[in-house]
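Comments concern the structure below.
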Amino acid sequence: MEPITLPENFFFGAAMSGPQTEGRWAEGGKLENLWDTWSIENIDDFYNKVGSYVGNDFMTMYEEDLRLLKEELGFTTFRTSIQWSRLLDRDGELNPAGVEWYHRLFAAAGEAGLEIFVNLYHFDMPTYLFRRGGWENREVVDAYENYARKAFAEFGQEVRYWFTFNEPTVEPEQRYQEGVWWPFIKNFNRARTVQYNISIAHAKGVQAFREAKSAGLVRDDARIGLINAFMPPYTKDDPSDADLEAVRMVDGINNRWWLDLVTKGELPADVVETLAERGCVLPVRPGDDAILARGTVDWLGCNYYQPTRVQAPSRDVDDTGCPVFADKYVWPDAVMNESRGWEVYPKGIYDFGMTAARDYPDLEWFVSENGMGIEGEYKNRDASGKVQDDYRIDFVRQHLTWIAKAIEDGANCVGYHYWGAIDNWSWNNAFKNRYGFIEVDLMENYRRVPKLSAAWMRQVATSHIVS
């Protein structure tokens, strides 16, 4: 394969989150979040009974980890999240120990030569707010706005790049629609209420950022964005009208909803109309249109792992009486990552880029997550103890090749963040699937060990040549 060159100003970095890395779940005034509560209530739901408590011990090892990102991987940026449950107390006021930790982390990132990207919410609501209704309660939306304002005021001179939410389409789906996450709710309409209220919270967060910037509380060069998991939709090669309608609605709920919000300050009218026609009425309040209009961002993060393949549904409503818009379609030519059960389709990131270039031409974006999780990866260690993960090199190479082609064909893509550059705890899968270029050895006190892919990634990140 001929080497591919990415633009000189294209950045490389790592994507992480607070709840999946930090650990010290009950220290320094940190409140319980949803993952802590689930871990307490039923640890058997977690792979190997590894709950939320330790993450990958980042709060102990953060200086070493930052050095690894810079020196072993050649990265210049990394993203993490502030934990709402660590930064604020139950009264919505700053928790001094949490404030001190994040100041220390952001300073250490700068000293390591890494530009830090800070996300405000990564599926980790404080449990006491969830018990008040969570994202179904507009008072919790107001609590998020208070949290965002306090974060901007406290760290605004240290952080240039802010994001309101990570994957706001995932929590409604996993926690409220499919019932995969605690407390295992299965109701499509409630999930859309949550999605709508998160949209309002996002817009309020952006407004809070703009006001903080006008007041001089954040840097003049600071930017605000949103990070979402975008899954380009596909159906059969010879689709029926009903198949195409399934694509329209799945694309509308998962992709266009957020793209329209961050570029136009509105939700896609055709999607909202169809939802209402099918009995799913969003909890709109007077004045919400003006709130949403403030939700336009400076740039966007695109998490890409797999496409969505759908077909016409076999029924109109589910067992709860909620509408069904699509069934899963199994593409016969799909290449699967059997560990994760996800399709590997690198061209999907190109197709997203072309859609963005066509429909949202002024939108700047970057790949904010992309990665490959493998189960039982310790079996691939060589005699020296290094994991031989050629498959990960091939995975990243293919995606970067399609990203380069997208840029060549007009996509406004400016960077790439790899998810889980250092193995981390992954929700109730815990450490089942490993994503990192750097192994975390749980049997050796969370010792960090570079895998084969680390040296390859460093060469790409420092040369911008994909070979």
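The values are calculated or read from the model by the stated rules, or taken from the named source; none is laboratory data. These numbers come from a predicted model, not from an experiment. When we count neighbours, we look across all protein chains shown, and the Cβ atoms used for this are built from the backbone with ideal geometry, even at glycine. Note: areas computed on protein heavy atoms with side chains; ligands, DNA, RNA excluded. Shrake-Rupley method; radii C 1.70, N 1.55, O 1.52, S 1.80 Å.
Measuring how big the stretch 3-152 is from its alpha-carbon positions, Rg and Dmax come out at 16.8, 55 Å.
About its Cα centre, the dipole of the chain is roughly 560 debye, where the only charges are +1 on Lys and Arg Cβ and -1 on Asp and Glu Cβ. Taken as Cα centroids, the stretch 254-287 and the stretch 164-217 sit 14 Å apart, rounded to the nearest whole angstrom. A straight line joining the Cα centroids of the stretch 398-457 and the stretch 302-331 runs 28 Å. Give me the tail of P(r) for the stretch 296-348 as a percent: Cα-Cα pairs with distance above 17 Å. Roughly 57 percent, rounded to a whole number.
Give me the percent of the accessible area of the chain that comes from carbon and sulfur atoms, probe 1.4 Å, all protein chains in place.
Numbers: 8540 of 18100 Å².
Ligands and nucleic acids excluded, carbon and sulfur reach 47 percent.
Derived scalar couplings between HN and Hα for the stretch 395-400 equal 4, 5, 4, 4, 5, 5 Hz in order, rounded to whole Hz, by the Karplus curve 6.51 cos²θ - 1.76 cosθ + 1.60 (θ = phi - 60°), x for Gly and Pro. For the pair Asn9 and Val317, label points projected 7 Å from Cα toward Cβ lie 5.4 nm apart. For the pair Asp221 and Arg90 in one chain, pulling the backbone fully straight at 0.36 nm per residue adds 43.9 nm over the alpha carbon distance.
Evaluating 6.51 cos²θ - 1.76 cosθ + 1.60 at θ = phi - 60° for every residue in the stretch 319-331, the Karplus couplings come out as 5, 9, x, 7, x, 10, 9, 6, 10, 5, 10, 9, 6 Hz, glycine and proline recorded as x.
Pulled fully out, how much extra length does the chain show between Glu115 and Asp362, if you take 0.36 nm times their separation in residues and subtract their Cα-Cα distance? Spell out each step's value before the answer.
Values: separation 247, 0.36 × 247 = 88.92 nm, distance 2.41 nm.
Full extension of this stretch gives 86.5 nm more.
Evaluated at 10 °C with a viscosity of 1.306 mPa s, what Stokes-Einstein diffusion coefficient in µm²/s does the stretch 298-382 have when Rh comes from the Kirkwood expression over alpha-carbon pairs? Roughly 99 µm²/s, to the nearest whole number.
Which residues does the label zone of Arg160 cover in the stretch 99-135, counting backbone N under 17 Å from a point 7 Å along Cα→Cβ? Under cut-off, by backbone N: 106-119. Above 31 angstrom, tally the Cα pairs of the chain and express them as a % of all pairs, no decimals. Considering the chain, 40 percent of its Cα-Cα pairs are separated by more than 31 Å.
Cross-link partners for Lys186 among the lysines, with Cα-Cα distance under 23 Å and sequence neighbours closer than 8 places in the same chain left out: Lys328.
Translational diffusion coefficient of the stretch 227-313 (Stokes-Einstein, Kirkwood radius from Cα pairs, 37 °C, 0.692 mPa s): 231 µm²/s.
Calculated FRET efficiency, Asp44 and Glu375, Cβ-Cβ r, R0 22 Å, to nearest 0.05? Can you show the working numbers first?
Values: r = 19 Å, r/R0 = 0.86.
Efficiency computed from Cβ-Cβ geometry: 0.70.
Which value does Rg/Rh take for the stretch 4-48 over its C-alpha atoms, Rh per Kirkwood? List each step's numbers first, then the result.
Details: Rg = 17.6 Å, Rh = 13.9 Å.
Checking Rg against Rh, the ratio lands at 1.27.
Using just the alpha carbons, could you tell me how many Å³ per residue the convex hull of the stretch 356-467 encloses?
Numbers: hull volume 13.3 nm³, N = 112.
Hull volume normalised by residue count: 118 Å³.
Rounded to two decimals, the Cα-based Rg/Rh of the stretch 268-421, with Kirkwood Rh, is 1.05. In units of the compact-protein estimate 2.2 N^0.38 Å, the stretch 189-261 shows a Cα radius of gyration of 1.54.
Per the Debye formula on identical point scatterers at the alpha carbon atoms of the stretch 123-250, with no solvent, log10 I(q)/I(0) at q = 0.10, 0.12, 0.15, 0.20 Å⁻¹ is -0.42, -0.57, -0.79, -1.11.
The stretch 90-179: percent of C-alpha pairs farther apart than 24 Å?
Numbers: 1139 of 4005 pairs.
Cα-Cα pairs in the stretch 90-179 separated by more than 24 Å: 28 percent.
With all pairs of different C-alpha atoms in the average, the Kirkwood value for the hydrodynamic radius of the stretch 171-304 is 16.3 Å.
When only the Cβ of Lys, Arg, Asp and Glu is charged (+1, +1, -1, -1), the dipole of the stretch 364-428 relative to its Cα centre reaches about 160 debye. Structural descriptor for the stretch 192-260: relative contact order 22 percent, calculated from alpha carbon pairs under 8 angstrom and at least 6 residues apart.
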